[in-house]
1. Within segment 178-191, is even one residue surrounded by fewer than 16 Cβ atoms within 10 Å (Cβ to Cβ) and in contact with a helix residue (DSSP H, G or I) (Cβ under 7 Å, 6 or more places away or on another chain)?
2. Check whether at least one residue in segment 145-159 is in contact with a Lys or Arg (Cβ under 7 Å, 6 or more places away or on another chain) and of a type in the set (S, T, N, Q), and report yes or no.
3. Take segment 253-279 and flag every residue that is free of Cβ contacts under 8 Å to residues at least 40 places away in the same chain, over 30 Å from VAL117 (Cβ atoms) and part of a loop (DSSP other than H, G, I, E, B).
4. Let me confirm something: among GLU71, GLU106, which residue is over 19 Å from the mean Cα position of the chain (by Cα) and not in a loop (DSSP other than H, G, I, E, B)?
5. Quick one: what pairs do we get from segment 60-78, first residue farther than 13 Å from VAL236 by Cα and at pLDDT 95 or above, second aromatic (Phe, Trp, Tyr) and crowded, with 22+ Cβ neighbours inside 10 Å, C-beta under 9 Å, 6+ apart or different chains?
6. Name the residues in segment 122-152 that are at pLDDT 95 or above, in a strand (DSSP E or B) and closer than 18 Å to VAL202 by Cβ, would you?
7. Cβ-Cβ below 7 Å, separation at least six or inter-chain, first residue in segment 118-138 and over 24 Å from GLY41 (Cα atoms) and in contact (Cβ under 8 Å) with a residue 24 or more places away in the chain, second of a type in the set (Phe, Trp, Tyr) and not in a loop (DSSP other than H, G, I, E, B): which pairs?
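The values are calculated or read from the model by the stated rules, or taken from the named source; none is laboratory data. On a predicted model such as this, the values are computed, not experimentally measured, just so you know. Don't worry about glycine lacking a Cβ; one is built from the backbone with ideal geometry, like all the others, and counts go over all protein chains shown.
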Amino acid sequence: MTVASSPQQPYRPFVGGTFRWRLGLRPLDLAQWIEVGDDHGTILAEKARLAAAHHDTVFGAIDGIEPEATEVLDTLLEHLLAHFPNWYAVDGDTVVAAGQRMSRAELHQLDLAGRLVDEDIALLVDRPGGLVFGGGSICFPNRWDLRSKLGKSLAGVHEPVPGLNEQLGEPIDAVFARLTPERSFWRLGWTVLDSPERYQPVDGTAPPGLGAGDPANLHLRVERETIRRLPTTGVVVFTIRTYLTPLTSLAGDTDDAMRLAAALGELPDDVAEYKSLSHGWGGSAAGWLSAHVAEL
């Protein structure tokens with residue numbers, strides 16, 4: 001079975017009203033686990049470039065996750081070959097993705113998995129004491145550092161997010177305690193950035209931001225995240241598909257523009273800072289969107 005390419009109209013997860021962190025989990029149809037859009041080849045080429053130029057930034061793993069990484073790669077390949085046969089093929093130890101040939105023998109299995117799809121991939125693995133962040137292929141980080149998360153618990157991974165552990169720590173733990181291979185989920189997150197670049201690490205290698213002075217510099221960044229547990233090793237797999245939309249194109253939809261302006265206006269200062277909006281981008285974006293809607 002071949003699943004149609006994902007729509008290029010990105011998701012719109014922002015809501016107005018008093019801000020609070022929300023899990024927003026929805027049941028995931030595993031046929032829709034991976035999204036392949038018209039920009040698939042471009043994204044895979046960008047990942048290959050980033051892996052060559054900044055490998056230590058975009059890939060990291062703790063010792064001993066080879067069994068989990070292998071199960072992830074095997075599961076991913078089975079899915080891709082079944083749903084997107086026009087894009088993928090396997091020839092012995094060689095995997096072909098959008099015309100790129102990659103060897104299973106030459107790459108860490110998680111590194112290879114991340115290079116095959118538009119999504120970034122992160123793993124939680126069971127260790128004494130509970131789940132820990134085992135590794136990731138994160139070519140498009142949203143201004144966070146992959147290596148600083150390695151080996152940390154869920155609470156440790158979320159510690160920099162203001163208020164999240166306090167509001168959602170127990171519900172998150174409950175979700176992972178009940179997560180089985182038969183029940184998978186997806187959710188959305190968003191922010192506004194002054195950059196059209198997906199690659200946004202914090203180690204100084206990201207392209208410089210453009211500033212908020214011109215609305216044309218501002219982009220809505222939406223991340224579609226899936227969460228599933230695999231049956232053999234119990235590894236929890238996160239995929240993160242990043243969509244970028246210029247704010248100027250978003251403003252053409254009055255409802256979306258008004259909802260985003262309202263959501264930006266309700267962000268607490270510490271959350272705005274965490275979302276990289278502390279330099280006035282949120283206020284600039286909300287003001288411009290509101291003024292634009294008033295002119296329509």
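1. no
2. no
3. SER278
4. GLU71
5. Listed by first residue and then by second, the contacts come to ILE62/PHE133.
6. Listed by number, the residues that qualify are ALA122, PHE133, GLY136, SER137.
7. Close Cβ pairs (under 7 Å, with a partner that is of a type in the set (Phe, Trp, Tyr) and not in a loop (DSSP other than H, G, I, E, B)) amount to LEU124/PHE133; LEU131/PHE176.
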